[in-house]
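Participant: Quick one: structure below, then a few questions.
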Amino acid sequence: MEGERNMRIFVGYASMNGHTKFLADEIAAGARSVTGTEVVQKAVKDTSPSELEAFDAIIWGSSGVFGNPNPEMVQFFVQLGQQWFMRKLEGKFGGVFGTTSTAHGGIENLLRALAAPMHHHGMIVVSPPSLPDEKHALYACPYGIAATIPVEASKDAPINKPREEELDLARHYGQYMATLLKSSK
Ligand SMILES: Cc1cc2nc3c(=O)[nH]c(=O)nc-3n(C[C@H](O)[C@H](O)[C@H](O)COP(=O)(O)O)c2cc1C
């Protein structure tokens, strides 16, 4: 419709060696596939807090460091005091993603910790859709988009990627977020 503005989605990540960035790429691709959606994908270390204010949805993610978001992501969170105080992120849609190297190494704790600041900002945290099909059920997580990626065998080995099922779920989540956002406006 004439005069309608695009929905804007921010996908931010903190990634030590690029594992988590694979999920960011897929979520961004899924969101971009929905007409009328503008997506900005950036490392949070290159993002200024006030940039977030221009988006309708914010999806952020990081690797797990001893069960918690990695320090680069935490460093970003502590810069958001002004946005919290001025209620700049209130009512925006939010979502999270994360990676660890082991299936039971704290991924759910990581995702919940990534979502906690969103609740403080008064955001609307969008859960991944429930009831995935049989192929994807083993890799789906109710708290966000997750991938467990084994550590590379050596320093020179090519970087390990998330499984196809994990990438599918990430792409689908991006698409889901964009569709939901569009239908809510
Ligand atoms: C200091 C440190 C702590 C980590 N802690 C955990 C952990 O608690 N559980 C786990 O499964 N993996 C842990 N990992 C592995 C990373 O979470 C995993 O390799 C992740 O995919 C890295 O993603 P990135 O390259 O995007 O940073 C740790 C890695 C480092 C360097």
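Participant: Would you list, by chain and number, the aspartates and glutamates whose Cα falls below 14 Å from the Cα of Lys185, excluding same-chain residues fewer than 8 positions away?
Facilitator: Glu4, Asp56
Participant: Contact order normalised by length for segment 1-153, with contacts defined as Cα pairs under 8 Å and 6 or more residues apart; what percent is it?
Facilitator: 22 percent
Participant: Taking Cα atoms, how many degrees apart are the long axis of helix 164-184 and the longest axis of the chain, rounded to 10 and kept between 0 and 90?
Facilitator: On a 0 to 90 degree scale, this one is about 10.
Participant: Can you list residues whose amide H is under 5 Å from Ile124's amide H, if they're 5+ apart or on another chain and H is modeled 1.01 Å from N?
Facilitator: Gly91, Lys92, Phe93, Gly94
Participant: Can you work out the Karplus-derived ³J(HN,Hα) for every residue in segment 27-38? Use 6.51 cos²θ - 1.76 cosθ + 1.60 with θ = phi - 60°, whole Hz, and x for glycine or proline.
Facilitator: Karplus-based 3J(HN,Hα) across segment 27-38 equals 4, 4, 5, x, 5, 5, 6, 8, 4, x, 10, 10 Hz.
Participant: What are the lysines whose alpha-carbon lies under 28 Å from the alpha-carbon of Lys155, with same-chain residues fewer than 8 places away excluded?
Facilitator: List returned: Lys21, Lys42, Lys45.
Participant: Above 31 angstrom, tally the Cα pairs of the chain and express them as a % of all pairs, no decimals.
Facilitator: I get 12 percent for the Cα pairs in the chain exceeding 31 Å.
Participant: So what are the ³J(HN,Hα) numbers for segment 7-22, from phi and the Karplus equation (6.51, -1.76, 1.60; θ = phi - 60°), rounded to whole Hz, Gly and Pro as x?
Facilitator: So the J values, rounded to whole Hz, are 6, 10, 10, 9, 10, x, 9, 10, 9, 6, 10, x, 4, 6, 5, 4.
Participant: Loop only per DSSP, at most 14 neighbouring Cβ atoms within 10 Å: give me the GluC sites (Glu not before Pro) in segment 100-166, ordered by residue number.
Facilitator: Glu152
Readers should treat all values here as calculations from the given coordinates under stated rules, not as data from a laboratory. These numbers come from a predicted model, not from an experiment. Positions of Cβ are backbone-derived with ideal geometry, glycine not excepted, and every protein chain shown enters the neighbour counts.
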